[in-house]
Amino acid sequence: MKNALGRFFQMSDVLDELLCGILLCGVVCQIGLILFGKGALYHSAGLWIGIVLALIGAFHMTWSLDKALDLGAEGAVKKMRTYALLRYGVVLIVLGVMMILNFANPLTVFLGLIELKVAAYLQPFIHKAAIKLGLKKETVKELLTPEEVDDLIRAEKGLPPKEEVKE
């Protein structure tokens, strides 16, 4: 289990920065709700429900991208559509429950969900700040040539290396 969790967190170089951005934006919005809003508990409950949905959505997107990249082009598109519809369906169900039960503000649930989009735009800045603070090391990944990519794919599929044509 520990190994599986370790692999999960290594799936994406930006997932931790995205999660940090979601939480950072959530704290800023929470401060705004406390300072300028009446009924802070009603609005805060909605905000944090939306933030939890955004965090789950970020994890699910990372997981689904990892799964879809193992498929062919047509299969990947179908899988990603299915996973996106699943995420949207969960969001609609949660918003519907919020509107029916009326224990949290559905608009602040939506505000919490939007934190995922805001965090995506903030990710490059969070990455630079993490490097400056020494929380992350700056890594430069070299791009592979098409021949190297072909060799890696062949090796992964267990095929022999492509023989070079000698002239």
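Each reported figure results from applying straightforward, stated rules to the coordinates on display, with no laboratory input. Just so it is clear, the model here is predicted, and its values are computed rather than measured. Positions of Cβ are backbone-derived with ideal geometry, glycine not excepted, and every protein chain shown enters the neighbour counts.
Over the C-alpha atoms of the stretch 11-54, what are the Rg and the largest Cα-to-Cα span, Dmax, in Å?
Cα radius of gyration and Dmax of the stretch 11-54 are 12.2, 41 Å respectively.
Kindly write out, for the stretch 145-159 in residue order, the coupling ³J(HN,Hα) from the Karplus curve 6.51 cos²θ - 1.76 cosθ + 1.60 (θ = phi - 60°), rounded to whole Hz, with x marking Gly and Pro.
6, x, 5, 5, 5, 4, 4, 5, 5, 4, 5, 5, 7, x, 8
How would you classify the stretch 75-164 from its alpha-carbon gyration tensor, with a ≥ b ≥ c the square roots of the eigenvalues: rounded for a/c under 1.5, else prolate if a/b is greater than b/c, otherwise oblate?
Oblate is the answer for the stretch 75-164, as a/c is 1.5 or above yet b/c matches or exceeds a/b.
Report the number of Lys pairs in the chain whose alpha-carbons are under 14 Å apart, with separation of 8 or more residues or on distinct chains.
4
Give me the distance between the Cα centres of the stretch 113-127 and the stretch 21-82, rounded to whole Å.
The distance from the Cα centre of the stretch 113-127 to that of the stretch 21-82 comes to 10 Å.
Among Cys29, Gly75, Tyr88, which residue has its Cα furthest toward the positive end of the charge dipole of the chain, with +1 on Lys/Arg Cβ and -1 on Asp/Glu Cβ?
The Cα lying farthest towards the positive end belongs to Cys29.
Taking the chain as the reference, fit the longest principal axis to its C-alpha atoms, fit the long axis of helix 106-132 to the helix C-alpha atoms, and give the angle between the two in degrees, 0 to 90, nearest 10.
Relative to the chain, helix 106-132 is tipped by roughly 50 degrees.
Under the Karplus relation 6.51 cos²θ - 1.76 cosθ + 1.60, θ = phi - 60°, what is the ordered set of whole-Hz ³J(HN,Hα) values for the stretch 63-75, x standing for Gly and Pro?
So the J values, rounded to whole Hz, are 4, 5, 5, 4, 5, 5, 5, 7, 9, x, 4, 5, x.
Go through 118-125, 55-62, 30-37 and give me the packing order, highest mean Cβ count within 10 Å leading.
55-62, 118-125, 30-37
Which ordering of Lys157, Lys67 is given by a fewest-first count of other beta-carbon atoms within 10 Å?
Lys157, Lys67
From the P(r) of the stretch 2-137, could you give the percentage of C-alpha pairs in the tail past 25 Å?
Roughly 37 percent, once rounded to a whole number.
For the stretch 2-137, what is the charge dipole size about the Cα centre, in debye to the nearest 20, if Lys and Arg each add +1 at the Cβ and Asp and Glu each add -1 at the Cβ?
140 debye
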